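Presented below is the structure to which this report refers.
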Amino acid sequence: MFDAKKFVENSLKDIRKIVGEHRVISACSGGVDSTVTTVLVHKAVGDRLVAVFIDDGLRREGEPEFVVKTLKSLGIRTKFIDAKKEFFAVFKGKTDAEEKRKAFRDKFYKTLGKAAKEEQIEFIAQGTIKADIIETVKGIKSQHNVLEQIGISPESYGYKILEPLKELFKPDVRKVARELGLPKEISERMPFPGPALSLRVLGEVTPEKIAVVRKATEIVEDETKALGTFQNFAVLHNDKATGIKEGKRVYGNIVTVRIVDSEDAVTAKAGKVPHKILMRIAERITGEIPSVVRCLYDLTDKPPATIEFE
Ligand code: XMP
């Protein structure tokens, strides 16, 4: 049985030993993994930690404000970096899923590396968990925060990596979050990928497409709050389809809704969602987002599909 209390005790000792008198930066997206990592490191080294929230323009509605507010309420020194323009620039012309992931990863580490230099910091803490490493090493995807395990030296970005959760799976990370007394909004937070909404815009990522998928995501999350499923989201397709808006035939966007049940994200089942909820989501997505004419529901388990589309 996993003992969260013991894990926290050992982790604090380990972090202090590794970090010594150095300073640490922690990239916190507000998800359970990166927030638990940030709080653990803060407990271990206090104000020698600075948390960084990178606004890459790919976050969900209200997320940047929520994360910064949460970190500050936990007494953690927090730096906000507005990098929206730079992230959209690296996605320009990229349509291949792996190329997009790599572009995100490179921009993410360069942005962090720059912040680390400014803050004269040696260590970057990040919330990599076991499933991230397993899937990246297997080649299922190149998880954005897995470097050493795939032979990329973190030193090439200018720092050392601290990954206190890399032996844990998601359910145990949540236990640690509860043990640390984090608010439910964090400890029970639905998983959300590091590259954020960029994985949910098929084809080239642009601010306009992100705005569409952001609104669709908000609707899906709002309508599925009570379901208790593992992950609920929307994906914007690259293709278009014919539909009718304001009495006229138009060629518009297609959105797929994905709702899955899972324990640890390594396998997943397509969610069995009441038809009424699905219909309400479709009505709202096509009604509230002018460019969307069609809404689909994904019935595929993992495997053979992955949870995300990219
Ligand atoms: P897949 O799509 O591989 O996703 O079945 C499994 C879980 O991992 C999340 N995911 C990511 N999380 N960086 C992350 O931090 C990534 O690059 C990434 N790709 C997928 C996904 O949302 C799901 O919970």
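The values are calculated or read from the model by the stated rules, or taken from the named source; none is laboratory data. The model shown is predicted, which means the values in this text are computed figures rather than measured ones. Neighbour counts are summed over all protein chains in view; Cβ atoms, including those assigned to glycine, are modelled from backbone coordinates with ideal geometry.
Can you find, within segment 29-59, the residue that is nearest to Tyr159 (Cα to Cα) among those that are in a loop (DSSP other than H, G, I, E, B) and at pLDDT 95 or above?
Initially, segment 29-59 is screened for residues in a loop (DSSP other than H, G, I, E, B), giving 29-31, 56-59.
Next cut, at pLDDT 95 or above only: 56-59.
Numbers: Asp56: 21, Gly57: 25, Leu58: 25, Arg59: 25 Å.
Residue satisfying both the conditions and the ranking: Asp56.
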Would you mind finding the one in Ala234, Ala241 that is assigned to a strand (DSSP E or B) and either in contact with a Pro (Cβ under 8 Å, 6 or more places away or on another chain) or more than 23 Å from Arg59 (Cβ to Cβ) (or both)?
Ala241
Name the pairs whose Cβ atoms lie under 7 Å apart, with the first residue in segment 13-31 and surrounded by 24 or more Cβ atoms within 10 Å (Cβ to Cβ), the second hydroxyl-bearing (Ser, Thr, Tyr), and 6 or more positions between them or separate chains?
Ser26/Thr37; Ser26/Thr38; Ala27/Ser34; Cys28/Ser34; Cys28/Thr35; Cys28/Thr38
Thr286 vs. criteria closer than 19 Å to Leu202 by Cα, away from the ligand (no atom under 12 Å from the Cβ), assigned to a helix (DSSP H, G or I) and of a type in the set (Val, Ile, Thr):
yes
Looking at Val8, is it aliphatic (A, V, I, L, M), touching a strand residue (DSSP E or B) at 6+ places or on another chain (Cβ under 8 Å) and in a helix (DSSP H, G or I)?
no
Hey, among Phe108, Phe88, Phe104, which residue is under 20 Å from the mean Cα position of the chain (by Cα), part of a helix (DSSP H, G or I) and more than 16 Å from the ligand (Cβ to nearest atom)?
Phe88
Could you please find all residues in segment 114-130 being surrounded by fewer than 18 Cβ atoms within 10 Å (Cβ to Cβ) and either in contact (Cβ under 8 Å) with a residue 24 or more places away in the chain or within 15 Å of the ligand (Cβ to nearest atom) (or both)?
Lys117, Glu119, Gln120, Glu122, Lys130
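In segment 187-231, what residues are among the acidic types (Asp, Glu) and either assigned to a helix (DSSP H, G or I) or within 16 Å of the ligand (Cβ to nearest atom) (or both)? Before you say what the answer is, go through the steps one by one.
If we filter segment 187-231 for residues that are among the acidic types (Asp, Glu), which is where we start, we get 188, 204, 208, 218, 221-223.
Those that are among the acidic types (Asp, Glu) and either assigned to a helix (DSSP H, G or I) or within 16 Å of the ligand (Cβ to nearest atom) (or both): Glu188, Glu208, Glu218, Glu221, Asp222, Glu223.
Take the residues in segment 252-283 that are without any contact (Cβ under 8 Å) to a residue 40 or more places away in the chain and outside any helix (DSSP H, G or I); name whichever of them is nearest to the ligand (Cβ to nearest atom). Give the derivation first.
Within segment 252-283, the first condition is being without any contact (Cβ under 8 Å) to a residue 40 or more places away in the chain, and the residues that meet it are 259, 261, 267-270, 272, 274-276, 278-279, 282-283.
From what's left, outside any helix (DSSP H, G or I): 259, 261, 267-270, 272, 274.
Values: Ile259: 13, Asp261: 12, Thr267: 9, Ala268: 7, Lys269: 12, Ala270: 12, Lys272: 19, Pro274: 23 Å.
Filtering first and then ranking leaves Ala268.
How many of the residues making up segment 289-309 are more than 17 Å from Val250 (Cβ to Cβ), assigned to a loop (DSSP other than H, G, I, E, B) and among the hydroxyl-bearing types (Ser, Thr, Tyr)?
Going through segment 289-309 one residue at a time, the tally reaches 2.
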Any residue in segment 187-202 that's closer than 24 Å to Thr70 by Cα: show its pairings with residues that are surrounded by 20 or more Cβ atoms within 10 Å (Cβ to Cβ) and small (Gly, Ala, Ser) at Cβ separation under 7 Å, as long as the two are six or more apart or on different chains.
Ser187/Ala177; Arg189/Gly31; Pro191/Gly31; Pro191/Ala265; Phe192/Gly31; Gly194/Ser29
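Quick one: how many residues across segment 88-104 are in contact (Cβ under 8 Å) with a residue 40 or more places away in the chain and surrounded by 15 or more Cβ atoms within 10 Å (Cβ to Cβ)?
Here is the first cut: in segment 88-104, the residues in contact (Cβ under 8 Å) with a residue 40 or more places away in the chain are 88, 91-95, 97-98, 100-102, 104.
Still in the list and also surrounded by 15 or more Cβ atoms within 10 Å (Cβ to Cβ): 88, 91, 94, 97, 100-102, 104.
Selection size over segment 88-104: 8.
Considering only residues that are touching a strand residue (DSSP E or B) at 6+ places or on another chain (Cβ under 7 Å) and within 13 Å of Ala234 (Cα to Cα), look in segment 295-310 and name the one that is farthest from the ligand (Cβ to nearest atom). Quick ask: steps written out before the conclusion?
First, pick out the residues of segment 295-310 that are touching a strand residue (DSSP E or B) at 6+ places or on another chain (Cβ under 7 Å): 295-302, 307, 309.
Still in the running and within 13 Å of Ala234 (Cα to Cα): 295-298, 307, 309.
Numbers: Cys295: 20, Leu296: 18, Tyr297: 17, Asp298: 12, Ile307: 3, Phe309: 8 Å.
The residue in question is Cys295.
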